[in-house]
There are 2 protein chains.
Amino acid sequence: MHPQCIRTRMTKTNSILILIISVTLTLIVQAQTVNDLAQTTRGLMPVPASVNWKAGRLPLTKAFNIALTGQTDERLRRYALRAMRRLERKTVLEFSHDLSTDPASAALVIETHSTGNPIPKLGDDESYMLDVTDQQAKLTAPTTVGAMRGLETFLQLLEADKGAFYFPAVSISDQPRFLWRGLMIDSGRHFQPLDVLKRNLDAMAAVKLNVLHWHLTEDQGFRVESKKLPELAREGSDGLFYSQDDVRDIIRYAADRGIRVVPEFDMPGHATSWLVSHPEIASGPGPYKIERRPGIFDPTMDPTNEKTYKLLKVFFKEMASLFPDAYMHIGGDENEGKQWDANPKIQAFMKDKGLKTNHELQTYFNKHILPLLQKDGKIMMGWDEIFQPDLPKDVVIHSWRGPKALAEAAKQGYQGVLSNGYYIDLMYPASNHYVVDPLPATTDLTPEQQKRILGGEATMWSEWVSPETIDSRIWPRTAAIAERLWSPRTVTDIDDMYRRLDIVDRELENLGLTQRRNQRMMLRRLAGREDVASLATLVSVIEPVKEYHRYQQRPQDMLSPLTGLIDAAQADAPAARAFDRAVDDMLAGKDRDANSAKLRSMLNSWRSSQSDLEAIMGNSPSLAEARQLAVDFADLQRIAIESLDALDAHTARDAAWRDASVRRLGEIAKPKAAIEIAIVGGVRKLVAAASGP
Amino acid sequence: MHPQCIRTRMTKTNSILILIISVTLTLIVQAQTVNDLAQTTRGLMPVPASVNWKAGRLPLTKAFNIALTGQTDERLRRYALRAMRRLERKTVLEFSHDLSTDPASAALVIETHSTGNPIPKLGDDESYMLDVTDQQAKLTAPTTVGAMRGLETFLQLLEADKGAFYFPAVSISDQPRFLWRGLMIDSGRHFQPLDVLKRNLDAMAAVKLNVLHWHLTEDQGFRVESKKLPELAREGSDGLFYSQDDVRDIIRYAADRGIRVVPEFDMPGHATSWLVSHPEIASGPGPYKIERRPGIFDPTMDPTNEKTYKLLKVFFKEMASLFPDAYMHIGGDENEGKQWDANPKIQAFMKDKGLKTNHELQTYFNKHILPLLQKDGKIMMGWDEIFQPDLPKDVVIHSWRGPKALAEAAKQGYQGVLSNGYYIDLMYPASNHYVVDPLPATTDLTPEQQKRILGGEATMWSEWVSPETIDSRIWPRTAAIAERLWSPRTVTDIDDMYRRLDIVDRELENLGLTQRRNQRMMLRRLAGREDVASLATLVSVIEPVKEYHRYQQRPQDMLSPLTGLIDAAQADAPAARAFDRAVDDMLAGKDRDANSAKLRSMLNSWRSSQSDLEAIMGNSPSLAEARQLAVDFADLQRIAIESLDALDAHTARDAAWRDASVRRLGEIAKPKAAIEIAIVGGVRKLVAAASGP
């Protein structure tokens, strides 16, 4: 799925959709107060289907142990042992090295009766029940994978007071709302080493995601070893590819966490890296080089050439045995057909076969690929573009276009997975993704059709992520998507989601994710000095530009350094969220004085570090592109304080002040170095309120 | 080499040695002022053999490029390209993707005439010349590996002013003082994944270390795959071992950075993990289990059993072809011979062969191993214990006992590598290691004998390091050892070393090392909250206890969580060093008022975060073990301020105050949770001074 394309085709519908859902949601949210909710949801994310808190606590002491009863799958043993080690790391307590063999005395007893599939499959039973009393915790699940999900919930229950750690007493009954809860990682545009994938699999398991959709071939890189066709990776990857041992390692690691691995080999477009070593299957004349730019490119496989299918037959056969999952994703997106239009041989072929459009030619291509997959026992999955009415009914449509396209496919009998609305590379706040429901309450699908909506996937397109920054682009926001896909439809409170997202964020750090720890390091590098507190203050209110404006405003390519201020900045700027919330509450008359004081306290704190910030920005050549942001930030502070002064004094600022402020805010609102200051909207509201009627 | 042993045998001599050298050093240091030195050494570490700064600057712009002339070894090409990418990451500038083919216009021209050994060898020529003018930089080296060293120097030249980055004009001529400059990583006690090793190889190359001594077998783990004897790793490692592909990957990665990989297989002691699968070669009755505790253990190979040599023959033959380096380390340390004493068959054997002591039996063992290595073309290396007079003269003695043992071996014709004094796991400050010279000016060795002192190795014994903390135990201190082994003997200024160590520390972060970024994360985990500034303040003045007291005071084993405050604390507490320096200067009458003000400023800043610190410590169960430290810290602040008040008022405190203060300091000096507050010494001096004569 390519950015440019999304930018041109997707954004409008998506924005409107989000708007509609947002309005609906606001109504729901107001029915329940945040404090009530916090009592209900505590640190749990995703929120389980049913939770009943009880009186009492199960203390966590160094005598803590886990016993398995029923069956003792090795995967479950390992998961339980890892859970113990994770608890140890977090609490610095030290438990037994082995699992308990005495269910009567173990603090947690896990009862399962089936191992389930040793390599997870779509439809695996992931349900579990968890009961914690002040004596013992009991986790019951039909299968190993359900126990894994329940263990993650159990770990999220841990709380502490001054004296000790404990698990609150509770009775939980839980199962996922959707069967397909995925994260797509694009290893094509920027290669991601194994340790990046592994720590992200750990994080996925922690929030109960169950599909790693692994985007392995792209214009910019062919990332998987074929033993039959070793030239593909050798010539198409700069040496940055996964060996088959690496792939097996990842599949095993994922299976150990109850996660499926669905590979994607994008075709017939997005295929430049194939054509470096196999120009003979291209639709246009070669030679081809690995693409370095972002965008949509012309090189496309030739669907009229038997050599294409011969090569793909060999390749798919090998990949079918390498990847155990039943589903194989063939991409199929964003083929603009320029090489087809320009090739007389292909035009003649189309005429001969009665194929009127490029879409029909692509369908012809897909129909020829389909039996190759089927012969190897695989089910085809592809982006929206592959959809057409005479596909077999088990094909899965992966929708980047939106819920409407998805619903249409479901009506025609196809299964679907939603990614529209879950494009985490667009840099929208978690709340935007959180409100997108693959199956909204307003759906007109029949219950039978609804079953075909399998779930959704967050998509980490990797134009602008390096191993250093990728965790910060995926987490914590993807945890909000994971909740949308697991929890009941009614779990929708955004404030409570953010409260829990902060907790999850810290827990993910403990698992080894780097989204927070790398940020300060990046700031130290940019500043070229040790103390970067004032730069961190700026970073707490800035965000990278949304959508695909980054490339337009600050063009780079796949080999460019991703170490600028924009790369250190993250979506969902935390201080900006707090600021905006205080503005909204104050202007709505909610705790007016307290919110005014809170705003002043934030503003004063920012002001106090302003001169140091300007010194850092002024001294560092690598921050030169963003120097204006510090100036803008100072003006925002000034305008906000002037507004608050007027509001607190119950006087109105005059029109000249208003006009000057609005004009200045207009300048400030323009991104610098592809970065926005995220409090501009809040300050605008203050200015409007301070200017009187 | 085992801790207990070192504790009992090594410490005294070592301390005395350090004392003597320190005194000598102080005299040298005073000859030159720090500011003068900073002009000379700038950001360079290790300091080159000869540096002549010139007027002018070579600006770094996006037109920067590197051209190779002479020969164009692929390793050098890759190194040069990586250097460009590193410059890009640091500066956020964007250069050409490829090397320049036009030496006339390239900013840096590298001229080499020989590739040298594709896999580095002992004795490789690492010299280089580097000339930077305002027009161009020219790096000349006989071989690829010299060019690598020179490129690291070039990268360290980079400076910035407000407007831009630049390289100052300079003429450098450089070569290492010692041929063997190593870092030993113990993968036995705690397994270290490949990414840990790779980032540490990057760091080693950055400070011109050239040997990774890889400690692969220990009582606590057998970490390398043998295809011939797969049971060794399978049963001896909990599944945590390096496949042969992994080993080749590391060797290739190291060779790409001009670093040799010398494997160590420790025997006949430290061998428990061998005996799990091969109890028949043990000197005592089995069965054996992987050892979990730290310490010296009895299980020892049986030197009287032909099966032992048969197994080792197979093993060494396989390892000899896996590891290309000419040297193979067989450990040989800390065999206490208890199983030998207790085994009548072995006792009878010794009597029969006329072997009077266990040392003689071990020598018998070594003599039987030696031909196995020689047959495979390997040279034997071992710890001090293997030394005895009739070994072949190419054997290398690795000295943990000290320079005296090393010199003794050299006198008898043996080559030696020093590690005594470079035990970075002992948690001493960098300055302690920095003053240890393998070949001090006072040496009585002849020039011929001096040549046998090959160099030294920092030793990262891994009882108490995890992948999360290992970088913080190795870096930045090992950079000071790297300088001792590379730079001229006369480079000895400790203040200037610390100034440059801070720079190197930040550069290593940019390379991917985690010593700093992980610390804050660990504090967040311990505190269970986001804002840990006050806890970080405490951490800036505390240090883990030195030597091997940690285990005595806070026993753990190999499976224990290494996530306590002691694990977040680091050697060389930075604020404590600044505090002590200000105390010393003030009491010496140097900038008296400024230093008094500096101390007060530090104390006031600490005081201002004290209540938050106590809240964090009080609320977190995982910090409960260390709560007294916060109380102690507050008392240190109070006593220091009371002392300063008296000193600034030129009055003397009375005896009662002095006695109470000294008593309290005595209590505070006792470690809590195996942690020391590193400013106690400084405060003691203040108390003494404030108490009058």
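The values are calculated or read from the model by the stated rules, or taken from the named source; none is laboratory data. Just so it is clear, the model here is predicted, and its values are computed rather than measured. All Cβ positions, even for glycine, are placed from backbone atoms using ideal geometry, and neighbour counts span all protein chains on display. The protein model used for the area step is the full one, side chains on, heavy atoms only, and it has no ligands, DNA or RNA in it. Shrake-Rupley method; radii C 1.70, N 1.55, O 1.52, S 1.80 Å.
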Checklist line | Interface size A-B, as summed buried accessible area [1.4 Å probe, Å², nearest 100] | finding: 3800 Å²
Next item on the list: Take the Cα atoms of the protein assembly as shown, find their three principal axes, and give me the spread along each one in whole Å, biggest first.
Entry: 92, 80, 78
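Given charges of +1 on the Cβ of Lys and Arg and -1 on the Cβ of Asp and Glu, with all other atoms neutral, how large is the dipole of chain B about its Cα centre, in debye to the nearest 20?
Its charge dipole is roughly 120 debye.
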Check: In terms of Cα to Cα distance under 19 Å, which lysines are near enough to residue A:198, apart from those fewer than 8 places away along the same chain?
Finding: A:208, B:198
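Given a 1.4 angstrom probe, what's the average accessible area per residue across the protein assembly as shown, in square angstrom?
36 Å²
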Notebook entry, point to check: To the nearest 20 debye, what charge dipole does the protein assembly as shown have about its Cα centre, counting +1 at the Cβ of each Lys and Arg and -1 at the Cβ of each Asp and Glu?
Noted result: 40 debye
Next item on the list: Heavy atoms only, probe 1.4 angstrom, no DNA, RNA or ligands counted: give me B:190, B:368, A:215 ranked by accessible area, highest first.
Entry: B:368, B:190, A:215
Margin query: Just checking the output field for B:89-102: average partner chain Cβ neighbours within 10 Å of each residue's Cβ?
Written below: 4
Notebook entry, point to check: For residue A:663, which inter-copy label distances result when the label point lies 7 Å beyond Cα on the Cα-to-Cβ vector, reported in nm to one decimal and in ascending order?
Noted result: 7.4
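Dividing the Cα convex hull volume of the stretch A:224-359 by residue count, how many Å³ per residue is that?
122 Å³
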Margin query: In whole percent, and with a 1.4 Å probe on the protein chains, what portion of the accessible area of chain B is carbon and sulfur?
Written below: 54 percent
Checklist line | Neighbourhood charge, 12 Å Cβ-Cβ cut-off, centred on residue B:465 and excluding it, Lys, Arg +1 and Asp, Glu -1 | finding: -3
Note to self: Distance between the C-alpha centers of the stretch B:442-466 and the stretch A:76-114? Whole Å please.
What the structure shows: 45 Å
Note to self: Below 9 angstrom from the Cβ of residue A:584, what's the summed charge of the other residues (Lys, Arg +1; Asp, Glu -1)?
What the structure shows: +1
Note to self: For residue A:327, what residues show an amide H to amide H distance below 5 Å, using hydrogens built from the backbone and excluding near sequence neighbours?
What the structure shows: A:379
Next item on the list: Calculate the length of the line joining the C-alpha centroid of the stretch B:630-659 to that of the stretch A:469-535, in whole Å.
Entry: 45 Å
Item checked: Helical segments meeting 30 Å axial Cα length and Kyte-Doolittle -1.0 threshold in chain B (DSSP H) -> B:627-648
Check: What are the semi-axes of the equivalent ellipsoid of the stretch B:174-260, taken as the square roots of 5 times the eigenvalues of the Cα gyration tensor, listed largest first and rounded to whole Å?
Finding: 26, 12, 11
Item checked: Proximal charge balance of residue B:567 [Cβ under 11 Å; K/R count +1, D/E count -1] -> +4
Check: How are the C-alpha pair distances of the stretch B:403-561 spread across 10 Å bins, as whole percents from the shortest bin up?
Finding: 9, 31, 33, 18, 7, 2, 0
Notebook entry, point to check: Given R₀ = 56 Å, FRET efficiency for residue B:557-residue B:134 by Cβ-Cβ distance, to 0.05?
Noted result: 0.40
Item checked: Proximal aspartates and glutamates relative to residue B:393, as straight alpha-carbon distance under 17 Å, when same-chain residues fewer than 8 apart are discounted -> B:384, B:385, B:408, B:448
Item checked: Cα convex hull of chain A, projected area averaged across orientations, nm² -> 32.2 nm²
Margin query: Can you find, among A:166, A:272, A:69, the residue sitting farthest towards the positive end of the charge dipole of chain A, where Lys and Arg contribute +1 and Asp and Glu -1 at Cβ?
Written below: A:272
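Rounded to the nearest 20 debye, what is the charge dipole size of the stretch A:526-639 about its Cα centre when +1 sits on each Lys and Arg Cβ and -1 on each Asp and Glu Cβ?
240 debye
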Next item on the list: Straight distance only, please: which lysines reach the Cα of residue B:685 with their own Cα at less than 23 Å, same-chain residues fewer than 8 apart left out?
Entry: B:546, B:590, B:598, B:670, B:672
Item checked: Whole-Hz couplings from phi, Karplus 6.51/-1.76/1.60, listed for the stretch A:435-446; x for Gly and Pro -> 7, 8, 10, x, 9, x, 4, 7, 4, 9, 6, 6
Item checked: Qualifying trypsin sites (Lys or Arg not before Pro) for the stretch B:580-684 [loop in DSSP, other Cβ within 10 Å: at most 15] -> B:590
Next item on the list: Could you sort out which of B:62/B:162; A:121/A:375; A:317/A:356 sit more than 28 Å apart by Cα distance in this structure?
Entry: A:317/A:356
Margin query: Please give the Cα centre distance for the stretch A:306-354 versus the stretch B:202-274, rounded to the nearest Å.
Written below: 45 Å
Check: Using modelled amide H (1.01 Å from N, peptide plane; none on Pro or chain starts), what sits under 5 Å from the amide H of residue B:67, excluding residues fewer than 5 places away?
Finding: B:100, B:108, B:109, B:110
